[in-house]
Amino acid sequence: KQEQYRALRDRPFRTRDGVEVALMLNAGLLVDLPHIPETNAAGIGLFRTELQFMVAPSLPKTAAQEALYRAVLDAAGDKPVTFRTLDVGGDKVLPYMRLEPEENPALGWRAIRLGLDRPALMRTQIRALLRAAGGRELKIMFPMVSCVSEFDEAKAIVEREQARLAAHGFEAPAKVRLGVMVEVPSLLFQLEEIVRRVDFLSVGSNDLMQFLFAVDRGNAKVSSRFDPLDVAFLRALARVTAVAGAAGKPVTLCGEIAARPLEAMALVAIGYRSMSVSPAAIGPVKAMLLDLDAGDVANFVRPRLERFDGGHSLRAELGDYARSR
Ligand code: PEP
Ligand code: MG
């Protein structure tokens, strides 16, 4: 199997009927970078900046952050990288940052909420990103955004740092693009407003699933209870591609759901043309893509999302579909 996947390395990310579906990598540390040439991924769709903070014995200094971001951009070369600002809190704990224990950490003071309340931390990180990307394109996205004003506030911080660096004579990035993760369900009902403001969207299916179904993503007893191929979930995901498509804004999906071929097939059917997965998933998902007729699978899935009778998953039917082609 591994041999087979390696043989696909140089084939373009394109379905049998010629639809481009970019597969990108989820990454977070220097050790992940060799996977770019290894898998020939289209870029880094999600760089989890909190990992550097989680493995360090103390808060990483701006220079250390900048050095990492520069190394990532160097390794990616011409390929795009999307940096996600610190997503700490919840299941992601920094041992040196004393946070009060919370009853519901997943719903607590985390990610962009912490970033906006403690702007010093966020400003430092934005500064490190802007400096590392001097002369190059920089893509930044914000995690756990639950309302439009959070993006506006975060954007203001970025703009302030851009002005500050310019005043100090630093080389600016060639372009700065800002986006948000769609992973809190409230954003599904503000898509039209958020999409006008951002340059791109990125669906975090792990958290979106957790919050949409109210199932703890780390608790196997409940997380296995709902299927990502559940019609309700696919409908939510399809809303994102519909609204982003109408606004002409790119959307990527970067949760675990895209790492499994059958799930990825459903995502192509509902309009996803860019997905970001762990390195080991590139081979199997690419093999599926090369063999897929995107138009045909859309015709199979879409009507099933419109008329269905009771909460169930498309897994069995889609599995039959996949085997019959
Ligand atoms: C997600 O929530 O789907 C996601 C990609 O981010 P993380 O797994 O880091 O929360
Ligand atoms: Mg998440």
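The values are calculated or read from the model by the stated rules, or taken from the named source; none is laboratory data. For clarity, every value in this text was computed on a predicted model and none was experimentally measured. FYI the Cβ positions are ideal-geometry reconstructions off the backbone, even for glycines, and counts take in every protein chain you see.
Please enumerate the residues belonging to region 78-100 that are within 16 Å of ligand 2 (Cβ to nearest atom) and out of contact with any Asp or Glu (no Cβ under 7 Å at 6 or more places or on another chain). Please lay out each step first, then the result.
Of all residues in region 78-100, those within 16 Å of ligand 2 (Cβ to nearest atom) come to 82-93.
Those that are within 16 Å of ligand 2 (Cβ to nearest atom) and out of contact with any Asp or Glu (no Cβ under 7 Å at 6 or more places or on another chain): Thr82, Phe83, Arg84, Thr85, Gly89, Gly90, Asp91, Val93.
Pick from region 1-55 the residues that are surrounded by fewer than 16 Cβ atoms within 10 Å (Cβ to Cβ) and among the acidic types (Asp, Glu): which of them is farthest from the chain's Cα centre (by Cα)?
Per the criteria, the residue is Glu3.
Restricting to region 173-192, what's the tally of residues that are of a type in the set (A, V, I, L, M), within 16 Å of ligand 2 (Cβ to nearest atom) and part of a helix (DSSP H, G or I)?
2
Which of the residues spanning region 268-289 are surrounded by 15 or more Cβ atoms within 10 Å (Cβ to Cβ) and assigned to a helix (DSSP H, G or I)?
Result: Val268, Ala269, Pro279, Ala281, Ile282, Gly283, Pro284, Val285, Lys286, Ala287, Met288, Leu289.
Can you find a residue in region 105-113 that is at negative phi, within 16 Å of ligand 2 (Cβ to nearest atom), in a strand (DSSP E or B) and touching a residue at least 24 places away in the same chain (Cβ under 8 Å)?
Our first condition is that a residue be at negative phi; within region 105-113, this holds for 105-110, 112-113.
Checking which are within 16 Å of ligand 2 (Cβ to nearest atom) leaves us with 105-110, 112-113.
From what's left, in a strand (DSSP E or B): none.
Looking for residues that are at negative phi, within 16 Å of ligand 2 (Cβ to nearest atom), in a strand (DSSP E or B) and touching a residue at least 24 places away in the same chain (Cβ under 8 Å), one finds none in region 105-113, hence no.
Kindly establish whether Val195 is surrounded by 17 or more Cβ atoms within 10 Å (Cβ to Cβ), part of a helix (DSSP H, G or I), touching a residue at least 24 places away in the same chain (Cβ under 8 Å) and out of contact with any Gly (no Cβ under 7 Å at 6 or more places or on another chain).
yes
Just the residues that are outside any strand (DSSP E or B) and either at pLDDT below 95 or surrounded by fewer than 21 Cβ atoms within 10 Å (Cβ to Cβ) (or both), please, taken from region 132-151.
Gly135, Arg136, Ser146, Cys147, Val148, Ser149
Residue by residue, here is whether (1) under 19 Å from Thr85 (Cα atoms); (2) out of contact with any Asp or Glu (no Cβ under 6 Å at 6 or more places or on another chain) holds:
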{"position": "Ser146", "(1), (2)": "yes, yes"}
{"position": "Glu183", "(1), (2)": "yes, no"}
{"position": "Leu187", "(1), (2)": "yes, yes"}
{"position": "Glu192", "(1), (2)": "no, yes"}
{"position": "Asn206", "(1), (2)": "yes, no"}
{"position": "Met209", "(1), (2)": "no, yes"}
{"position": "Ala214", "(1), (2)": "no, yes"}
{"position": "Ser223", "(1), (2)": "no, yes"}
{"position": "Asp227", "(1), (2)": "no, yes"}
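Would you point out which residue out of Phe170, Phe200 is under 19 Å from Tyr69 (Cα atoms), away from ligand 2 (no atom under 14 Å from the Cβ) and among the aromatic types (Phe, Trp, Tyr)?
Values: Phe200 fails: under 19 Å from Tyr69 (Cα atoms).
Testing whether each residue is under 19 Å from Tyr69 (Cα atoms), away from ligand 2 (no atom under 14 Å from the Cβ) and among the aromatic types (Phe, Trp, Tyr) leaves just Phe170.
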